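Read the figures in this text as sums done on the coordinates, not as results from a lab. Note that this is a predicted model, so its numbers are computed, not measured. Quick reminder, even Gly has a Cβ in these numbers, built from the backbone with ideal geometry, and neighbours come from all protein chains shown.
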Ligand code: SAH
Ligand code: SF4
Ligand code: F3S
């Protein structure tokens, strides 16, 4: 998980609105935060906020924060420390700098942020972004504003449909939020506290958004949720339905070439969703399916409600449905009580599955989660050493996976010019970035590419001649 920046671009000429103020959003954490940053920018554009190229150039800086590990949270306070001088210098100028803290730290720490940093004007939780214009109005009057309530009524009010201008900015590949929140309460995790209980968005609303994205030129949709395969609702025939029904419906939309979803929990991987990987050609053969640990004792202590053998059996069923399915995972090392034997079981599971890509984290005790109160916390040095061993294994797996693509011809959806002149970059079905020498006219097309070489993170090849 890396920090990313997102800025609002100036309003399209058709709207004839000159931005008077400038916005800079710095996002941390997961894809949900990246998506929320787009929504915040969309919402503030009609308020006259245009693009700031840098924090120095901005009238409003939004830190869109992540609370998942201690280091992510502390980053917020170091960022705020760095912004202090900038804000001070502009205190009495015609362009005072306003600073907002949004995202999961805002939700989790609320007023504590005001106490720890006097540079913050606004603290806003993820469920309250639809009130940003009003909040900023109050800030302009000199108030310090905080809003971190979970709305009691319409949990999706803040997901107001993006307008046509906002949709055009999505490019070829767009996220569509299908559910928010999580009820799983894994004992290490803050998400159920920062994002609230699991709520699914009605099918009609997400089909409508997907249709409008497709009409605006989007070719790939990634369904997004903290626990995306917990989605449940009423399908088209009036029956109760799960995520497989959503995928089947979206696959009918003309123009949508590729569908993906993230992040899934193994327990919510039902038969219909497994079959969807066999039956829906647009559903890409890549699945991020976090397992966290390979030890049954640790999985139990983590409250994951499945064992290592269950996970392996699930992988086998998925691969039976879609033999070329590439799998990715999250692992936590050093959960309280993790012995060397427990960790060996994690290595064994990773070895058995053969992941195409993996994220791995040292356990970070989060205040308020049950894991933080467990005895037997693992010393930092042990975590560091285990992380290095896991990293060596999964990196070797990733290289082997990428290297095995050499000589294969795979469909690539071309998205944008590459870093080098004459280069165009796209994605393989398996989420690998692919670079080819080609003209700009291939952007937006899905074409067969023969892979000729690999680097640490990418594949290189040439567009295969059509037969
Ligand atoms: N909803 C997803 C991901 C949640 S957060 C899921 O269920 O898998 C992304 C990842 O961060 C998690 O999968 C986990 O591996 C990691 N993570 C969460 N809490 C953590 C903690 N306290 N310490 C270290 N890693 C953590
Ligand atoms: Fe956190 Fe577990 Fe929910 Fe994932 S499933 S968001 S790890 S509580
Ligand atoms: Fe972080 Fe919140 Fe996402 S804690 S991982 S930004 S849901």
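Shown is the FRET efficiency for residue 382 and residue 234, computed with R0 = 51 Å from the Cβ-Cβ distance and rounded to the nearest 0.05: 0.55. Expressed as a rounded percentage, what relative contact order does the chain have, with Cα pairs under 8 Å and six or more residues apart? Relative contact order here is 9 percent. Calculated FRET efficiency, residue 324 to residue 252, Cβ-Cβ distance, R0 = 25 Å: about 0.60 to the nearest 0.05. Contact order, relative form, for the range 161-284: 26 percent (alpha carbon pairs under 8 Å, 6 or more residues apart, mean separation divided by residue count). The ranking of 75, 22, 427 from fewest to most other beta carbons within 10 Å of each one's beta carbon is 75, 22, 427.
Between residue 279 and residue 408, the modelled label-to-label distance comes to 2.5 nm, taking each label 7 Å out from Cα in the direction of the beta carbon.
Restricting attention to the range 161-284, close to 30% of DSSP beta bridges with both partner residues there are antiparallel. Label-to-label distance, residue 272 versus residue 452, with points set 7 angstrom from Cα along the beta-carbon direction: 4.6 nm. So, R0 is 56 Å and r is the distance between the beta-carbons of residue 441 and residue 365; what FRET efficiency does that work out to, to 0.05? The value I calculate is 0.60. For the chain, give me the percentage of DSSP beta bridges that are antiparallel, rounded to the nearest 5 percent. If I count the DSSP bridges inside the chain, around 40 percent turn out antiparallel. What separates the Cα centres of the range 42-96 and the range 282-316 is a distance of 38 Å.
Here the simple spin-label model places points 7 Å from the Cα toward Cβ, and for residue 20 and residue 309 these points are separated by 6.9 nm. Here the gap between residue 421 and residue 89, fully extended at 0.36 nm per residue and compared with their Cα-Cα distance, gives a gain of 115.5 nm. Helices in the chain, meaning DSSP H runs of at least 4 residues, each add -39500 (n - 2.57). Divided by all residues, the mean residue ellipticity at 222 nm is -10000 deg cm²/dmol.
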